[in-house]
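What follows is a short report on a single structure.
The values are calculated or read from the model by the stated rules, or taken from the named source; none is laboratory data. In this text, all values refer to a predicted model and were calculated from it rather than measured experimentally. Cβ placement follows ideal geometry from the backbone for every residue including glycine, while neighbour counts extend to all protein chains displayed. The accessibility values were calculated without ligands, DNA or RNA, using every heavy atom of the protein model including side chains. Shrake-Rupley method; radii C 1.70, N 1.55, O 1.52, S 1.80 Å.
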Amino acid sequence: MTAKAHQRVFDRFKRPLSDLRISVTDKCNFRCRYCMPEEIFAADYPFLPQEKLLTFEEITRLVRIFATLGVKKIRITGGEPLLRKELPTLIKMIRQVEGIEDIALTTNGSLLPKYAQALKSAGLNRVNVSLDSLDDERFGKMNGRGFKVRDVLKGIEAAEKAGLGIKINMVVQRGVNDQDILPMARYFRKKGHVLRFIEFMDVGNANGWRLEHVVPSREIVQMINAEMPLEPVEPNYYGEVASRYRYKGTKQEIGFISSVTEAFCSTCTRARLSAEGTLYTCLFATAGTDLRTPLRQGETDEQLRTRIVNVWEKRQDRYSEERLKNTNVLKGKKVEMYHIGG
Ligand code: SAM
Ligand code: SF4
Ligand code: SF4
């Protein structure tokens with residue numbers, strides 16, 4: 001693509017576009033109940049056929065265009081992104097795009113022993129590994145496929161060995177894994193990894209979400225603080241989603257993503273690209289904008305850029321803020337989490 005002057009774009013609430021989350025597959029080897037419950041995502045579920053997925057060249061071309069609009073951070077997600085064949089090749093291609101400063105990956109960790117080194121060599125900076133319990137029985141039930149805690153811990157070790165930055169994400173559901181909060185905090189404090197607690201969200205339509213199942217971050221902070229005193233840490237950058245704390249007297253941090261009880265829409269700078277090339281401007285979107293068709297019909301970079309600018313300039317999503325006022329806000333059918341990634 002010809003080099004283009006950088007142009008920042010802002011939405012209706014003056015939020016800049018600066019991050020892009022790219023889902024590279026809608027498939028997953030786990031069946032987490034809060035994301036892809038087995039009874040719905042069974043063996044006959046119609047996942048996307050290969051020809052509908054954006055190719056690596058198509059993804060990279062879009063990343064180049066997004067980069068000229070001010071995107072600096074890329075997160076690769078899914079589904080389980082490590083199920084996408086040759087993923088390190090894509091990382092390498094994105095690494096070469098001018099303007100991209102940071103590439104991260106969100107993964108369930110089970111395939112990291114196989115890929116961590118290749119991902120690092122390709123230019124990946126960081127991984128966020130999801131782990132919801134240290135108890136095999138509970139974890140096996142939560143992931144719906146009987147994967148063991150050890151399978152994920154081995155992935156974390158592999159990422160560490162490869163020299164990748166690591167954060168651990170735990171989604172907390174009341175009555176499901178709230179008893180794991182303290183054991184997880186103790187374990188990862190000792191290991192020296194940043195653990196982040198995520199409030200269970202009403203993404204998609206399949207996970208049977210109810211407000212009573214959400215454990216508010218402030219409750220988790222109090223619980224941990226009572227045993228291991230915490231002190232707040234200032235945000236690192238505009239739009240940082242986690243409230244950060246550190247264990248008093250140490251540099252070891254811990255984070256809280258209060259997506260339900262303390263919405264952060266006012267600084268949300270993230271666009272999302274689904275595996276088949278649909279652009280979404282909110283995790284809770286009911287509709288997106290197809291970029292694959294114009295891409296395959298031969299639109300120029302400039303035409304594609306104009307499409308993206310038009311979408312972002314019209315953006316007025318602030319679903320989580322609206323939900324704070326009314327938990328029944330959304331009438332339409334939402335896009336599923338495994339489809340656009342977290
Ligand atoms: N498969 C990868 C993984 O699990 O890390 C990447 C995709 S997954 C959809 C991204 C993140 O979304 C994970 O950390 C997962 O725990 C989180 N997630 C999925 N459903 C959620 C929900 N209903 N509420 C909060 N977080 C959720
Ligand atoms: Fe798969 Fe991640 Fe969804 Fe779990 S949260 S089912 S690992 S995509
Ligand atoms: Fe961003 Fe939508 Fe989440 Fe608000 S609800 S923080 S706009 S993704």
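Per the conditions (1) within 20 Å of the chain's Cα centre (by Cα); (2) part of a loop (DSSP other than H, G, I, E, B), the sole criterion not satisfied by F66 is (2). Residue count for segment 14-63 under the criterion of being open to solvent by 40 Å² or more (accessible area, probe 1.4 Å), under 17 Å from Q96 (Cα atoms) and part of a helix (DSSP H, G or I): the result is 2. Number of residues in segment 244-264 that are open to solvent by 20 Å² or more (accessible area, probe 1.4 Å) and more than 16 Å from ligand 1 (Cβ to nearest atom) equals 9. Only residues that are in a loop (DSSP other than H, G, I, E, B), open to solvent by less than 10 Å² (accessible area, probe 1.4 Å) and either away from ligand 2 (no atom under 15 Å from the Cβ) or not hydrophobic (A, V, I, L, M, F, W, C) (or both) were counted across segment 176-201, and they come to 1. Remark: E219 matches the filter, which requires a residue to be without any contact (Cβ under 8 Å) to a residue 12 or more places away in the chain and of a type in the set (D, E, K, R). The condition of being more than 25 Å from I168 (Cβ to Cβ) and modelled with pLDDT under 95 holds for only one of E276, E321, that being E321.
Name the single residue that is least open to solvent (accessible area, probe 1.4 Å) among those in segment 78-95 being more than 16 Å from ligand 1 (Cβ to nearest atom) and touching a Ser or Thr at 6+ places or on another chain (Cβ under 8 Å). Applying the filter and picking the extreme gives I94.
A single entry from A226, A271, A287 fulfils the requirement of being loosely packed, with under 13 Cβ neighbours inside 10 Å, of a type outside the set (D, E, K, R) and under 24 Å from V24 (Cα atoms): A287. Restricting the search to segment 74-130, which residues are farther than 26 Å from I257 by Cα and touching a Cys at 6+ places or on another chain (Cβ under 8 Å)? Across segment 74-130, the qualifying residue is only L83. In segment 290-318, the qualifying residues are those that are modelled with pLDDT of 95 or more and of a type in the set (K, R), and the one that is most open to solvent (accessible area, probe 1.4 Å) is K314. For segment 109-164, taking the residues that are polar (S, T, N, Q), under 22 Å from L87 (Cα atoms) and more than 18 Å from the chain's Cα centre (by Cα), the one that is most open to solvent (accessible area, probe 1.4 Å) is identified as Q117.
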